[in-house]
Amino acid sequence: MINKLLIVDDDNYKTMNIKKLIANVNNNIEIIMEKALNPGLRRIRSEGFDIVILDMSLPLFDVSESSNFNAFGGISFLKEMRRRRITIPTIIVTQYEIFGEGKSQKTSETIDKQCKDEFENYRGIIIYSSGNNKWKEQLVKKIGVI
């Protein structure tokens with residue numbers, strides 16, 4: 001049973017849509033939001049959560065500073081969770097299908113496979129689009145399994 005959920009995402013519009021969807025499915029879930037990687041990590045270390053919804057590309061600290069942006073912030077977040085033995089089920093919800101640049105570029109499919117292989121708490125990647133509802137169905141299904 002999910003009582004408390006953490007969303008780590010710097011996009012206000014996407015975060016509000018995710019929050020609205022979850023509240024429509026179960027309005028008894030407490031939803032906490034963080035906008036950057038490090039504040040999100042501090043939050044999961046200090047509070048108990050039943051699930052994490054995570055963006056892939058995240059600022060490290062403050063969303064107003066473009067110099068601290070990490071295209072693979074979601075993977076960094078999962079690595080830190082593993083290092084600290086935090087096994088909260090985690091779903092990545094992202095707007096992009098390609099991350100990084102040049103030789104470090106990865107597709108969402110590549111990231112999904114990497115995360116499935118590396119992180120026992122990883123539950124999948126969902127491509128968010130404000131133009132269709134497929135992401136909503138996928139997210140509700142994944143949360144329902146957890």
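Laboratory data are not the source of any read-out in this text; all were calculated from the coordinates shown. Keep in mind it's a predicted model, so treat the numbers as computed, not measured. Using ideal geometry, Cβ is built from the backbone for each residue, glycine included, and neighbour counts are taken over all protein chains shown.
Per residue, the average separation of C-alpha pairs within less than 8 Å and at least 6 apart gives the chain a relative contact order of 21 percent. Treating the range 68-135 as a set of equal point scatterers at the Cα positions, no solvent, please give the Debye-formula log₁₀ I(q)/I(0) at q = 0.16, 0.17, 0.21, 0.29 Å⁻¹. Those come out to -0.57, -0.64, -0.93, -1.36, one per q. The order of Val25, Val145, Val8, going from fewest to most other C-beta atoms within 10 Å of their C-beta, is Val145, Val25, Val8. Ordering Met1, Met56, Met33 by the number of other Cβ atoms within 10 Å of each residue's own Cβ, fewest first, gives Met1, Met33, Met56.
The phi torsions of the range 41-57, fed into the Karplus equation with coefficients 6.51, -1.76 and 1.60 and a -60° offset, translate into couplings of 5, 4, 5, 6, 6, 9, 10, x, 10, 9, 7, 10, 10, 10, 7, 7, 9 Hz, rounded to whole numbers, with Gly and Pro shown as x.
For the residue pairs Lys106/Lys134; Lys35/Lys142; Lys4/Lys113; Lys103/Lys136; Lys35/Lys116; Lys4/Lys106, the C-alpha atoms sit more than 29 angstrom apart in Lys103/Lys136; Lys4/Lys106. Counting beta carbons within 10 Å around each of Leu5, Leu60 and listing the fewest first gives the order Leu60, Leu5.
Cα convex hull, the range 1-83: 85 Å³ per residue, rounded to a whole number. If you bin all the Cα-Cα distances of the chain at 10 Å, starting from zero, the percentages per bin are 11, 45, 37, 6, 0.
Sequence-ordered 3J(HN,Hα) estimates for the range 4-17 from the Karplus curve with 6.51, -1.76 and 1.60 and θ = phi - 60° stand at 9, 10, 10, 10, 10, 6, 8, 9, 4, 5, 5, 4, 5, 5 Hz, glycine and proline given as x.
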